[in-house]
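Okay, structure first, notes after.
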Amino acid sequence: MMPVIRIPDPLYKRLQNLAVPFEDTPITVIERLVEEYESRQDKKSSLSSANDVEPQNFNPVEPPDLRHTRVIYASFNGEILRSPNWNGILDAAHITAYKQGLSPEALVRLTLSNAEKGEKTDNGFHFLPEISMSIQGVDANLAWRNTLHLAKHIKVPVEVHFEWRDKEGAAYPGEIGKFAWYPK
């Protein structure tokens, strides 16, 4: 038997304000809130464990092999990215370049990623509606190389803290690393 929860009217109205009309139910709104809370708790836990160990600074221009890494923290152009991963950082770089005046056509020519103007969602592509472009997902090494390439071109800072998983083939198993690049 499932428990029944009574929600006071003022709280119910607050939940309604968070709902997507015709899609959400009270349960889906609550699930989304719990997932966001858990995500923030995981991020806090990752950051506090990362703060316990001083990350090793690596040359962002000549990075070590990033296979088997996970991103702990990332900022691009001074904006801290929520729940970052390598391709998410690269997406932020594309969006920032667009916001700084690059047209989608210019961005397709500049990026090192496979990119197409418009929406494409097959073959590993995902659509970025903010810039009306589709970018193909890549491995951590190419994601970093392209992120740095775009940061240099639009002259914005980027900082990433990451951790190698304790796996065979990892360059520095279990260690934490950091890249920081700032325009001159």
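Residues are listed down the side, and each one gets a yes or a no for (1) under 23 Å from Arg67 (Cβ atoms); (2) not in a loop (DSSP other than H, G, I, E, B); (3) not polar (S, T, N, Q):
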| site | (1), (2), (3) |
| --- | --- |
| Ser113 | yes, no, no |
| Glu116 | no, yes, yes |
| Glu159 | yes, yes, yes |
| Pro173 | yes, no, yes |
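Out of the residues in the range 103-131 meeting the condition of being small (Gly, Ala, Ser) and under 20 Å from Ile89 (Cβ atoms), tell me which one is surrounded by the most Cβ atoms within 10 Å (Cβ to Cβ). Working first, answer last.
Residues of the range 103-131 that are small (Gly, Ala, Ser), as a first pass: 103, 106, 113, 115, 118, 124.
Checking the rest, the ones that are also under 20 Å from Ile89 (Cβ atoms) come to 113, 115, 124.
Numbers: Ser113: 26, Ala115: 21, Gly124: 13.
The residue in question is Ser113.
Filter the range 95-142 down to the residues that are touching a residue at least 60 places away in the same chain (Cβ under 8 Å) and among the small types (Gly, Ala, Ser) and list them by number. Let's see the steps before the verdict.
Applying the first criterion (touching a residue at least 60 places away in the same chain (Cβ under 8 Å)) to the range 95-142 yields 96, 139-141.
Hit for the range 95-142 is Ala140, nothing else.
Residue by residue through the range 51-109, note down the ones that are in a helix (DSSP H, G or I) and more than 22 Å from Gln136 (Cα to Cα). Spell out how you get there, then give the answer.
Looking only at the range 51-109, we keep the residues that are in a helix (DSSP H, G or I), and these are 51-52, 86-99, 104-109.
Residues satisfying the conditions are Asn51, Asp52.
Read the figures in this text as sums done on the coordinates, not as results from a lab. Note that the structure is a prediction, hence the values are computed from the model and not measured. Quick reminder, even Gly has a Cβ in these numbers, built from the backbone with ideal geometry, and neighbours come from all protein chains shown.
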